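Take this structure, written in structure tokens, and hold onto it; I'll ask about it next.
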Amino acid sequence: MAYEKFWADNEKLNKTELKKLEKDGLEIFKDIPYYAENGFESIPKEEWDSFKWAGLYLQRPKQDGYFMMRINVPSGVLNYEQAETLASICKDYGRGVFDVTTRQAIQFHWLQIENIPDIFNRLAKAGLSSAGACGDITRNIVGNPLAGIDPNELFDTEPIVREIYEYFQHNKDFSNLPRKYKVSISTNVHNASNAEINCLSFTPAVKEIDGEEIKGFHVKVGGGLAARPYLAETLDVFIRPENVKETAIAITTIFRDFGYREKRHRARLKFLVADWGPEEFKEKLVELTGPLPSKGEDVQKDWNAGYFYGVHKQKQDGLNYIGFNVPVGRLDADEVLEIAAISKQYGNGEIRTCNSQNIIIPNIPDEKVDALLQEKIFERITIEPKRFIAYSVSCTGIEFCNLALVETKERMRRIAEYLDEQIRVDVPVRLHMVGCPNSCGQRQIADIGLQGIKMKSKEKGGLIEAFEIYVGGTLNHGGKFNEKLKGKIDGEHLPAVLEEFLTYFKKEKLPGESFYEFVGRLGIEPLQEELDRILGNVTANVS
């Protein structure tokens, strides 16, 4: 159906908005065959950003003509054919670099325009798509990677995620949103889909209606990270499973029609929610949906941050899911082909991706678990990773990303492996590294967040890669973003600084105390004093 773009007469629209009024982002799909036939030089520079709607970004440096592609994986669920297709495309066109993202999607690199039509065809045959994986549009819908097999879910959300994902795919009624739009749907009681940092989240809840306990959802709106992070607000509504699609459409309509379009840095839904407040937002929602029941009982217990290491019983008798560590989310295409084959040999061929950048192999019969775990590939992709590499997350970084200021992916891996050699702690410490303020690596919710910057160096001359450190993030109990400690750390000194900082944590913590609890108990001041001392020693040693 057509809708009125009543913001079109706004004289303060930014340049991107003006361009979107002239040409819908999804129109790029019509142009790609011509560009593929005529080569990268045939693409006007002003069209480069339009490729986002097709899930494509030009990687660094843009003028070289190589694309990053992001492929949607709703709820992180891949069947055997899909996993094999992705790995084959990656091997044929992407130099084998296969990345799992913090939104359960898959990213390729090194793609050339000439190959994109073939990639699209292969994705479509497998029931996959990159449409909307980037751009001002509904992104990959994240969910419970254990949907349908999870003993800790109220009910299976995979069909709901699939229905809503397919509704928004190539839907021009919702392809011109003010900015990117991130949706989460899960009934895992351990908040496996990071509800508080999404634009729209449906979270598990129950409510007694007419004497019957109904399983359904609460609704959170206005979460998001980047330079100005917000935790999502909970609306006073209860949504039955059959009403999720209607509610999602209504909230997306509100964002489309009332979201800010003057300044790109204030265009996310979180700014509209912050200005309106949850009560006014609910009023507008009810105008579109009709009356909705008030909130019921929130049944979320805690936050597992998307980690599922080890062998676990499914809700189906005799079957197991197995959670594996993928160091900083990076696999090789041949590894994916091997994992897919193993999953088919021992189970039903499925692979599931987690927002922790890890994978799960589900549906493994009891009697086949031990044999599966003996496969050689699971020496690196392991169910028992060492402590720091197990809980390290990284964005793409300067290797491919035009926005990044520093190297992240391999640096995070090297640092985690170094820390695992140097120090042992009795609790996980979640380390997240990002290359810029956009925070694709979700720095704000980490125990220790590491944000890349450029820093002047007298010793080395000019600007060097450096990091700021943030402490104490969580999504437990509604969430709290981590806090910045003063000081800039030369990237070369970062491993040693973190080693000393974590040694201090190990020495001063209580038995079983998490890093978040430790920060809460001590406060920021002692941690700042310790970091100052460490940086002072580093400076003295360098001098």
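Every number in this text was worked out from the coordinates using simple rules, so none of it is lab data. All values derive from a computational prediction rather than experimental measurement. Neighbour counts run over all protein chains shown; Cβ positions are idealised from the backbone, glycine included.
For the peptides 440-453, 297-310, what is the packing order when you average, over each peptide's residues, the other Cβ atoms within 10 Å and list the highest mean first?
Output ranking for 440-453, 297-310: 440-453, 297-310.
Right, here's the next one. When we measure straight from the Cα of K458, which lysines land under 23 angstrom away, once same-chain ones fewer than 8 places off are left out?
In chain and number order, the partners are K486, K488.
Also: Under the rule a/c < 1.5 gives rounded, and otherwise a/b versus b/c splits prolate from oblate, where does the stretch 296-368 land using the Cα gyration tensor?
Working: a/c = 2.67, a/b = 1.28, b/c = 2.09.
Oblate, since a/c reaches 1.5 and b/c is not below a/b.
Charges at C-beta only: +1 for Lys and Arg, -1 for Asp and Glu. How large is the resulting dipole of the stretch 389-542 about its Cα centre, in Debye rounded to 20?
Charge dipole, the stretch 389-542, about its Cα centre: 340 debye, nearest 20.
Quick one: what are the phi-derived ³J(HN,Hα) couplings along the stretch 97-103, Karplus 6.51/-1.76/1.60 with θ = phi - 60°, whole Hz, x for glycine and proline?
7, 10, 10, 9, 9, 6, 10
Checking the a/c ratio against 1.5 first, then a/b against b/c, what shape does the Cα gyration tensor give for the chain?
rounded
Considering the dipole of the chain built from charges on the beta carbon (Lys and Arg +1, Asp and Glu -1) around the Cα centre, which of L13, I415, I71 is farthest to its positive end?
Sorting the options by dipole projection puts first L13.
Is it possible to state the helix-based mean residue ellipticity at 222 nm for the chain, with each DSSP H run of 4+ residues giving -39500 (n - 2.57), the sum divided by total residues, to the nearest 500 deg cm²/dmol? What is it?
Result for the chain: -9500 deg cm²/dmol, rounded to the nearest 500.
Okay, next question. Shape call for the stretch 309-350 from the C-alpha gyration tensor, a ≥ b ≥ c root eigenvalues: rounded (a/c under 1.5), prolate (a/b greater than b/c) or oblate?
Note, shape of the stretch 309-350 comes out oblate.
In debye, nearest 20, what is the charge dipole magnitude of the chain about its Cα centre with +1 on Lys and Arg Cβ and -1 on Asp and Glu Cβ, if you could check?
Roughly 1340 debye for the chain.
Quick check on my link table: of K480/K509; K15/K270; K62/K270; K125/K220; K45/K460; K19/K52, which ones sit more than 24 Å apart, alpha carbon to alpha carbon?
Flagged as over cut-off: K62/K270; K125/K220; K45/K460.
While we're here: Report the full-extension gain for the segment E246 to E37: residue separation times 0.36 nm, less the Cα-Cα distance, to one decimal in nm.
Gain on extension, E246 to E37, equals 71.1 nm.
Rank-order 32-43, 235-246, 349-360 by packing density, defined as the average count of other C-beta atoms within 10 Å over each peptide's residues, highest first.
Peptide ranking by packing, descending: 349-360, 235-246, 32-43.
Related question: Where in the stretch 399-414 does the amide nitrogen come within less than 20 Å of the point 7 Å from the Cα of T16, taken along Cα to Cβ?
400-405
If you don't mind, there's one more thing I want to ask. Using alpha carbons only, how many angstrom separate the centre of the stretch 487-543 from the centre of the stretch 301-337?
Centre-to-centre (Cα) distance: 31 Å.
Between the stretch 200-219 and the stretch 410-465, what's the alpha-carbon centroid distance in Å?
40 Å
Could you please report the charge total around K315, scoring K, R as +1 and D, E as -1 over all other residues with beta-carbon less than 10 angstrom from its beta-carbon?
Net local charge, K315 excluded: -3.
While we're looking at this one, here's another question. In whole angstrom, and with the biggest value first, how far do the Cα coordinates of the stretch 389-542 range along each principal axis?
43, 35, 28
Here is a follow-up. In the stretch 15-298, with Lys and Arg counted as +1 and Asp and Glu as -1 at Cβ, which of these residues, N152, F202, Y93, has the Cα nearest the positive end of the dipole, that is, farthest along it?
The listed residue farthest towards the positive side: Y93.
Let me ask another. Just to confirm my understanding: which cysteines in the chain have no other cysteine beta carbon less than 4.7 Å from their beta carbon?
C90, C134, C199, C354, C401, C436
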